[in-house]
Amino acid sequence: MPYLLKTEPGKYSYDDLMRDGETVWDGISNPQALMTLRNMKPGDNLVIYHSNVGKAAIGTAKVVSVDASDARNPAVRIRAMKRLKQEVPLAAMRNSEVFTDSPLFRQFRLSVVPLTETQYRWLTAMPHHA
């Protein structure tokens, strides 16, 4: 299953992930987001989204490993894949029918959002218009 991971670019940007190659995705406190992290599987596709500044999908990543032994702090290791050819702004997502029922727009505060395969393909395809 694909997921969208939100990050504040001033704290940890997609460029930081590209530079590091891999990182453990942590700092999550919302119980629903933690449950979603625990359910991730190695090989799951990810879209990294910059929140607050930029408000756009920036690039892709993959889940490398999941250690859910600590339910309050699952260790999900992710690997950078590639930057999107064009950033996908939040407005384009909001205006797309594929996101009609997405928790992305029902629960704004979630930092980890499950995506459908259709949503993932839509985000990683070209072109998008706001």
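The values are calculated or read from the model by the stated rules, or taken from the named source; none is laboratory data. Computed from a prediction, not measured in an experiment: that's the story for all the values here. Every residue, glycine as well, gets a Cβ built from its backbone with ideal geometry; the counts of neighbours run over all protein chains shown.
Tabulated data
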item: Those residues of region 99-128 which are outside any loop (DSSP other than H, G, I, E, B), in contact with a Leu (Cβ under 9 Å, 6 or more places away or on another chain) and of a type outside the set (F, W, Y), in sequence order; result: P103, L104, V112, V113, P114, Q119, L123, T124
item: Near pairs, Cβ below 6 angstrom, 6+ apart or cross-chain, from region 86-108 (touching a residue at least 60 places away in the same chain (Cβ under 8 Å)) to any residue that is not polar (S, T, N, Q); result: L104/V113
item: Test: K62 is modelled with pLDDT under 95, charged (D, E, K, R) and touching a Gly at 6+ places or on another chain (Cβ under 9 Å); result: no
item: Checklist (1) among the polar types (S, T, N, Q); (2) surrounded by 20 or more Cβ atoms within 10 Å (Cβ to Cβ); (3) under 11 Å from the mean Cα position of the chain (by Cα) applied to N45, failing item; result: (2)
item: All positions within region 13-35 that are more than 13 Å from the chain's Cα centre (by Cα) and modelled with pLDDT of 95 or more; result: D15, D16, M18, R19, D20, G21, E22, T23, V24
item: Per-region count, region 62-98, residues assigned to a helix (DSSP H, G or I) and either surrounded by 15 or more Cβ atoms within 10 Å (Cβ to Cβ) or on the phi > 0 side of the Ramachandran plot (or both); result: 4
item: Those residues of region 71-130 which are at pLDDT below 90, of a type in the set (G, A, S) and more than 25 Å from L34 (Cα to Cα), in sequence order; result: A125, A130
